[in-house]
Amino acid sequence: MTQVEPSPPDVNGSERAAGGGNPIRILIVEDEFLIALELEYRLRDAGFEVIGIAATAGEALSIAASDRPALAIMDIRLADRTDGIQAAIELNATLGVRSIFASAHADPETRKRATAASPIGWLQKPYQAEALINLIRQHLGQCRPP
């Protein structure tokens, strides 16, 4: 099997959509403010465009509907009654936006529930930002035409 390497960032350091378009747009869904800010900083530093930070499922759906991210980084426990799994399912079903789950909750039952969202991947907190960035780039490399 051939290993697909992601495209390098452009001269400005931005990860670009297939065909050299705009930077890859990412939505962060995380209710812990400091974690969300750190994640935003790391993603921007890696050349991605963070379109917003949502603390609730409702905010996530609203931001995604208006700003159309390429993917979402999704925590499981959010600030409202709808959890990140349900939010990810709705994002995927209504907008075709898939998620990477980044959560401390990775028990088998939670992961089983999450399969309905067709997740890109799963990172258990605490995780290294580089692991998330590599997962995003790997996914983008698989999505790009040869």
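Selection of the stretch 36-93 for residues being open to solvent by less than 40 Å² (accessible area, probe 1.4 Å), farther than 18 Å from Trp122 by Cα and part of a strand (DSSP E or B) yields Val50, Ile51, Gly52, Ala54.
If you go through the stretch 75-105 and keep only what is farther than 21 Å from Leu132 by Cβ and of a type in the set (Lys, Arg), you end up with just Arg81.
The set of residues in the stretch 114-142 being without any contact (Cβ under 8 Å) to a residue 12 or more places away in the chain, in contact with a strand residue (DSSP E or B) (Cβ under 8 Å, 6 or more places away or on another chain) and not aliphatic (A, V, I, L, M) is empty. If you take the residues in the stretch 94-106 that are more than 15 Å from the chain's Cα centre (by Cα) and modelled with pLDDT under 95, which one is nearest to Gly121 (Cα to Cα)? For the stretch 94-106, the residue satisfying everything is Ala106. Would you check which residues across the stretch 94-121 are open to solvent by 40 Å² or more (accessible area, probe 1.4 Å), over 16 Å from Leu27 (Cα atoms) and part of a loop (DSSP other than H, G, I, E, B) and list them? Of everything in the stretch 94-121, those that are open to solvent by 40 Å² or more (accessible area, probe 1.4 Å), over 16 Å from Leu27 (Cα atoms) and part of a loop (DSSP other than H, G, I, E, B) turn out to be Ala104, His105, Asp107, Ser118. When restricted to residues that are modelled with pLDDT under 95 and open to solvent by less than 20 Å² (accessible area, probe 1.4 Å), the stretch 6-29 contains 2.
The values are calculated or read from the model by the stated rules, or taken from the named source; none is laboratory data. All of these numbers come straight from a predicted model, not from anything done at the bench. Don't worry about glycine lacking a Cβ; one is built from the backbone with ideal geometry, like all the others, and counts go over all protein chains shown. Calculation scope for accessible area: heavy atoms of the full protein, side chains included, ligands and nucleic acids excluded. Shrake-Rupley method; radii C 1.70, N 1.55, O 1.52, S 1.80 Å.
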